[in-house]
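Heads up, the thing below is written out as structure tokens.
The values are calculated or read from the model by the stated rules, or taken from the named source; none is laboratory data. Model, not experiment: these values are computed from the prediction. Note: ideal-geometry Cβ built from the backbone for every residue, glycine included; neighbour counts use all protein chains shown. These area figures cover heavy atoms from the full protein model, side chains too; ligands, DNA and RNA do not enter into them. Shrake-Rupley method; radii C 1.70, N 1.55, O 1.52, S 1.80 Å.
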Amino acid sequence: MTISDLVSIHDLSREEVLEILDLAARIKRDPVAFQDALSRRTLAMIFEKPSLRTRVSFEAGMTQLGGHAICLGPSDISMGRRESVADIARTLSGMADGIMARTFSHQAIVDLAQHAAIPVINGLSDRSHPCQALADFLTIREALGRCEGIRLAYVGDGNNVTHSLMYAAARLGASVSVATPPGYAPDPDVVRQAREVAARFGATLAVGHNVDEAVAGADVIYTDTWASMGQEAEHDERVVVFRPYQVDASVMARAGKGALFMHCLPAHRGEEVTDDVFESKASVVFQQAANRLHAQKAVLALLLGGAGR
Ligand code: CP
Ligand code: NVA
């Protein structure tokens, strides 16, 4: 592992993504073998937004690796208001062994990584959610036996989760088709970067507005909330715009035989996904959620414990 922070999947090579997935699978198979990997290490977790999966997977993950995590919520440190991001990074560098941060602005993660002397892990920003994409491809590999050559259709909002999925898929040789309402496409810079990498590994990345075209024959149908954290005021307007992009039984029927339904959670049934699809046999959403733990432990072991060195 040549990187010292996990800010974006775009900073990782194909080999590094595979190293994380392989270590996550080993940790999942034999957690006891890793119970002292981060003995007496401390992870500081900064949350500007709510979290269930990220908070619990990192905190439980640190405990299971022999270390400890401290949760710092918005009212604990008021990042950028009570104290600058740079000062927080330098203070934590003298007390903890790593920082995981969930922020509004992606720049805050970049700034933390720039000023900290300890590894910084992106636990979701407005631009990306790398830890989620790692758990997602761990899940896809478990369920389909491979990532290379599979076809993933993402339907809904072109957001942080979409960006990290596109980056990860490209490196793993998985093709992606994205269908969003006009005006809600993923960032064109991210699309261009991911498309360049995808081409190197024999995969494609298509971005458009047509759900039928995107999902036809896909191995995985993926969706996420229509209004991300911080966009709550747009919720009612978005529900109207996104209605044709709901993943329902007819969307799943147009996917390939045995296609998986995936969602990073939290889900809003009746909005981006219908209850029947969410609860169907195709849905692997709780396997995905559980894999956050194993993927996080691999990232922590590699960055804080030097497991890859
Ligand atoms: N998927 C995910 O990151 O969940 P939380 O927001 O609950 O952490
Ligand atoms: N796109 C969502 C993901 C939540 C895990 C958000 O940013 O709120």
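Cross-link partners for Lys297 among the lysines, with Cα-Cα distance under 23 Å and sequence neighbours closer than 8 places in the same chain left out: Lys28, Lys49.
Shown are Ser4, Ser228, whose ranking by accessible area with a 1.4 Å probe and every protein chain present, most to least, is Ser4, Ser228. Taking all protein chains into account, the per residue accessible area for segment 213-309 stands at 41 Å² (1.4 Å probe). Qualifying trypsin sites (Lys or Arg not before Pro) in segment 50-100, where qualification requires a DSSP coil assignment and no more than 14 other C-beta atoms within 10 Å, comprise Arg81, Arg82. Amide H contacts for Val207 (H built 1.01 Å from N in the peptide plane; partners 5 or more residues away or on another chain; cut-off under 5 Å): Val178. The aspartates and glutamates whose alpha-carbon is closer than 19 Å to the alpha-carbon of Lys257, local same-chain residues fewer than 8 away aside, are Glu142, Glu148, Asp212, Glu213, Asp219, Asp248, Asp276, Glu279. The magnitude of the dipole of the chain, with charges of +1 and -1 set on the Cβ of Lys/Arg and Asp/Glu and taken from the Cα centre, is near 800 debye.
Under the convention that each Lys and Arg Cβ holds +1 and each Asp and Glu Cβ holds -1, the size of the dipole of segment 23-94 around its Cα centre is about 200 debye.
A dipole drawn for the chain from +1 and -1 charges on Cβ atoms has a positive end, and of Val85, Thr103, Ser13 the residue lying farthest that way is Ser13. Computed from backbone phi, the HN-Hα couplings of segment 198-204 come to 4, 4, 5, 10, x, 10, 10 Hz, rounded to whole numbers (Karplus: 6.51 cos²θ - 1.76 cosθ + 1.60, θ = phi - 60°; Gly and Pro given as x). Could you check the simple spin-label distance between Val32 and Asp87, using points 7 Å along Cα→Cβ, in nm with one decimal? Between Val32 and Asp87, the label points sit 4.9 nm apart.
Across segment 275-292, rounded Karplus estimates of 3J(HN,Hα) from the backbone phi angles (6.51 cos²θ - 1.76 cosθ + 1.60, θ = phi - 60°) give 4, 5, 5, 4, 8, 6, 5, 6, 7, 10, 5, 7, 5, 4, 4, 5, 6, 4 Hz, Gly and Pro being marked x.
The base-10 log of I(q)/I(0) for segment 48-111, evaluated at q = 0.19, 0.24, 0.28 Å⁻¹, reads -0.79, -1.20, -1.40 [Debye formula, identical scatterers on Cα atoms, solvent excluded]. Accessible-area rank, largest first, for Leu293, Leu38: Leu293, Leu38, with all protein chains present and a 1.4 angstrom probe.
Database remark: amide H of Ile150 closer than 5 angstrom to the amide H of Ser175 (H placed geometrically; neighbours at sequence offset of 5 or more, or on other chains; Pro and chain starts carry no H). Less than 5 angstrom separates the built amide H of Gly98 from those of Thr42, Ala44, all sequence-distant by 5 or more or on a different chain.
With every protein chain present, what is the per residue accessible area of segment 1-151 (1.4 Å probe, Å²)?
Values: 6540 Å² over 151 residues.
Ligands and nucleic acids excluded, the figure is 43 Å² per residue.
Magnitude of the charge dipole for segment 14-142, about its Cα centre and with charges confined to Cβ atoms of Lys, Arg (+1) and Asp, Glu (-1), is about 220 debye.
The helix-only estimate of mean residue ellipticity at 222 nm for the chain, built from DSSP H runs of length n ≥ 4 each weighted as -39500 (n - 2.57), is -13000 deg cm²/dmol after division by the residue total. Largest accessible area first, the residues Met95, Met79 order themselves as Met95, Met79 under a 1.4 Å probe with ligands, DNA and RNA left out. In this structure, Lys281 and Ala216 have a Cβ-Cβ separation that, at R0 = 25 Å, corresponds to a calculated FRET efficiency of about 0.75. Surface composition of the chain: carbon plus sulfur atoms hold 51% of the accessible area, using a 1.4 angstrom probe and ignoring ligands, DNA and RNA.
The HN-Hα couplings worked out from phi for segment 51-67 by the Karplus form 6.51 cos²θ - 1.76 cosθ + 1.60 (θ = phi - 60°) are 6, 10, 4, 5, 4, 6, 5, 6, 5, 5, x, 4, 4, 5, 8, x, x Hz, whole numbers, x standing for Gly and Pro.
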